[in-house]
Each structure stands twice: as structure tokens, then as C-alpha cells.
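> The following block contains the structure, expressed as C-alpha cells.
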Amino acid sequence: MPHHLSVRIDPNSGFCFGVIYAIQMAEDLLDEQGYLYCLGDIVHNDEEVERLEQRGLRIIGYEQFNELRDEAVLIRAHGEPPSTYQKALENRLTLVDASCPVVLKLQNRIKTSYDKQERIFIYGKHGHAEVRGLLGQTSGEAVVFESFEELLRHELPENITLYSQTTKSTDSFYRIKDELEQRGYQVNANDTICRQVSNRDKDLRRFAAQFDQVVFVSGTKSSNGKVLYQVCKDTNPNTHFISKVDEICANWFYPGQSVGICGATSTPMWQMEQVRDALVAL
Ligand code: SF4
């Protein structure tokens, strides 16, 4: 029996400006030269990466990057540590720098704090590309932590300079700041969370509350995808996470239900449209 679902895509979901900029840059160069090297996944969305690979994008890791000579290499929105720029100089590589301006600003602020010899703590994910770029501003000396419990395992100085990866949850960041202050630490808290993510938080809550079911579309490697999915799930427990259209399960839905589709800052609109078409056809 057909489901006759009433389906709507969140108009505020889809790529953030940092990702739009990086993909536009890649597409322009692909049109020009037919191929392009990119250091790391251009976006944490396998489907979008696959689409660009079919157009000639060559995703490489550090090992391959170190061996390349005389080529152009795209730096994705997450940014890179200074060592990558140094390596490019040594190996005559032209970097096509699509680092997001929000990340570049954060890198600069961390560098300034480091130069002033502040004790820097970064709320972020270990090993994440953006975090590696941030750590690189401090010659690897800043402390990265993923939770308050983990932070407490470090010996903390009286004065703490706190930063955040751009895609962390604002609520958790301020909770950490408050907890530290309650324990008597002086906290110089730099809320460096990207508004493209934190504003979506509020918009998504409003969006997710309007539907019987919500389908959240995101790559599994996307940090903001995890945060924003949780936001939807907290607002509407009938929220389902998928990374590909064929993960939709028909028995999530009852006939006549309303379904909202939304996603992360790395979810392409074309993928959400694909999901919409599949739901309408159920
Ligand atoms: S989420 Fe924000 S910081 Fe990250 S790429 Fe997008 S605009 Fe830039």
C-alpha cells in the first residue's frame, strides 16, 4: 500500500559557505585541467566525494602529498597546519587554498595566544583535520580534549585559554567554561564555534518539531552531522539518521505521515532531493 507521505526539505540545510567555496574552487579547476589533487576528503560526505572523483578529483593522504612534485593541491575547508605549507614550498606544489575563512581566523587567534605564551586548551576531536591545523599553530603544545572529564585528567593552570573546534556544540562549550569557573579557574573563553553550525541548531529544533518523522542525512564522518542529528533526535525522537538514500526503511513511516528532511553543513542539496524523491515514491 502506498504511504502518501507529505515530505519537505529544510530550506536552511545544505552546504555551509565554507564547503560551497571549496567545492566551487574544485569544480572550476576540474573544468580547467580535468583533474585535481585534494589533501583529504573535500567534504565529509562519501556521495559528494564520489561525484567529484568521477569528475577527476584525486583525494590523497599525507604520504602521497609528501611524494608529489610540481602539482596543484587543494586544501579543503578544514585548513592545514603550517607544516603542510612548508612541505608544499619544498616540493614545488601550488596550494589551492580553500581553507574556510572562519577556520583561518581561528588559526590566527590561536597563534596569537600561543605567541603570548597562554596555556591553550582546545575543545575538539582528537585527530580531526581542523584540530590538527589548530594544534599546528602551537607547535603541538596546546591540549586537545573531547569532554570535561578528559580535561580534568590534565594538570590545569590557574589561567586557562579555552578555544573550540568550529563545529562543537555551543551548550557543551559554555558548560565546560562554567564548570571550570566554579572550580576557581580563570577562563579566557573564546567561543569560536561557527555560526553556520550553532545557528542551525535553533533552526533545526524548530524544523524537526513540525513533523511526524524526520530523516537526517549526513556522512558518518561529519562532526557537525553528529551534533545536529542529536539536536533533531532530542527535539523529535522519530528522527532517523541515513548516509545514503538506500538506507531508508519503509516501515519507519505510517501512511499519511509528514516527514522533514534535513542534514549537516556537508550534506549536498541534491542528496536531500534524492531522499525526498524516494520518500514520495514509497
Ligand atoms: S561549518 Fe563553518 S567553519 Fe566549517 S567550513 Fe562551514 S562555514 Fe567554515
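> Within the stretch 189-202, can you find the residues that are crowded, with 16+ Cβ neighbours inside 10 Å and not in a loop (DSSP other than H, G, I, E, B)?
Within the stretch 189-202, 189, 196, 197, 198, 200, 201 qualify.
> So which residues in the stretch 77-115 are of a type in the set (D, E, K, R), outside any helix (DSSP H, G or I) and without any contact (Cβ under 8 Å) to a residue 40 or more places away in the chain, if there are any at all?
92, 97
Results for (1) in contact with a Phe, Trp or Tyr (Cβ under 8 Å, 6 or more places away or on another chain); (2) closer than 23 Å to residue 80 by Cβ; (3) aliphatic (A, V, I, L, M), shown as yes or no for each residue.
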| residue | (1), (2), (3) |
| --- | --- |
| 138 | yes, yes, no |
| 164 | yes, yes, no |
| 169 | no, no, no |
| 173 | yes, no, no |
| 176 | yes, no, yes |
| 183 | no, no, no |
| 193 | yes, yes, yes |
| 197 | no, yes, yes |
| 206 | no, no, no |
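> Sticking with this structure for a sec: Could you please find all residues in the stretch 226-246 being more than 22 Å from the chain's Cα centre (by Cα) and either modelled with pLDDT under 95 or not in a loop (DSSP other than H, G, I, E, B) (or both)?
246
> In this structure, does residue 70 turn out to be away from the ligand (no atom under 16 Å from the Cβ), farther than 18 Å from residue 161 by Cα and touching a Lys or Arg at 6+ places or on another chain (Cβ under 7 Å)?
Yes; evaluated as a whole, the condition is true for this residue.
> Also, quick follow-up: For a quick check of your reading of the model, give me the residue pairs whose first member lies in the stretch 21-40 and is in the same structural domain as residue 128 (by TED's automatic domain parsing), whose second is away from the ligand (no atom under 16 Å from the Cβ) and open to solvent by less than 50 Å² (accessible area, probe 1.4 Å), with beta-carbon atoms closer than 9 Å and at least 6 apart or on different chains.
Here the result reads none, with nothing in the stretch 21-40 linked to a residue that is away from the ligand (no atom under 16 Å from the Cβ) and open to solvent by less than 50 Å² (accessible area, probe 1.4 Å).
> Here is a further query. Among the residues of the stretch 135-147, how many are closer than 15 Å to residue 125 by Cβ and either of a type in the set (S, T, N, Q) or assigned to a helix (DSSP H, G or I) (or both)?
2
> Which one is farthest from the ligand (Cβ to nearest atom), of the residues in the stretch 154-188 that are within 19 Å of the chain's Cα centre (by Cα) and part of a loop (DSSP other than H, G, I, E, B)?
169
> Would you check if there is a residue in the stretch 54-62 being part of a helix (DSSP H, G or I) and buried (at least 18 other Cβ atoms within 10 Å of the Cβ)?
Of the stretch 54-62, the ones part of a helix (DSSP H, G or I) are 54, 62.
From what's left, buried (at least 18 other Cβ atoms within 10 Å of the Cβ): none.
There is no residue in the stretch 54-62 that is part of a helix (DSSP H, G or I) and buried (at least 18 other Cβ atoms within 10 Å of the Cβ).
> Looking at (1) assigned to a loop (DSSP other than H, G, I, E, B); (2) open to solvent by less than 60 Å² (accessible area, probe 1.4 Å); (3) outside the structural domain of residue 184 (by TED's automatic domain parsing); (4) more than 14 Å from the ligand (Cβ to nearest atom), which one does residue 118 not meet, given that it meets all the others?
Result: residue 118 fails condition (3) only.
> State all residues of the stretch 161-188 that are within 20 Å of residue 117 (Cβ to Cβ) and open to solvent by 30 Å² or more (accessible area, probe 1.4 Å); if no residue qualifies, say none. Full working, then the answer.
Residues of the stretch 161-188 that are within 20 Å of residue 117 (Cβ to Cβ), as a first pass: 161-163, 180, 185-188.
Hits for the stretch 161-188 are 185, 186, 188.
> Please find, within the stretch 92-109, the residue that is nearest to residue 69 (Cα to Cα) out of those that are more than 15 Å from the chain's Cα centre (by Cα) and within 14 Å of the ligand (Cβ to nearest atom).
Among residues in the stretch 92-109 that are more than 15 Å from the chain's Cα centre (by Cα) and within 14 Å of the ligand (Cβ to nearest atom), the one nearest to residue 69 (Cα to Cα) is 97.
The values are calculated or read from the model by the stated rules, or taken from the named source; none is laboratory data. Computed from a predicted model, the values in this text were never measured in an experiment. So basically every Cβ, Gly included, is an ideal-geometry build from the backbone, and we count neighbours across all protein chains shown. Keep in mind that these areas ignore ligands, DNA and RNA; they rest on the heavy atoms of the full protein, side chains included. Shrake-Rupley method; radii C 1.70, N 1.55, O 1.52, S 1.80 Å.
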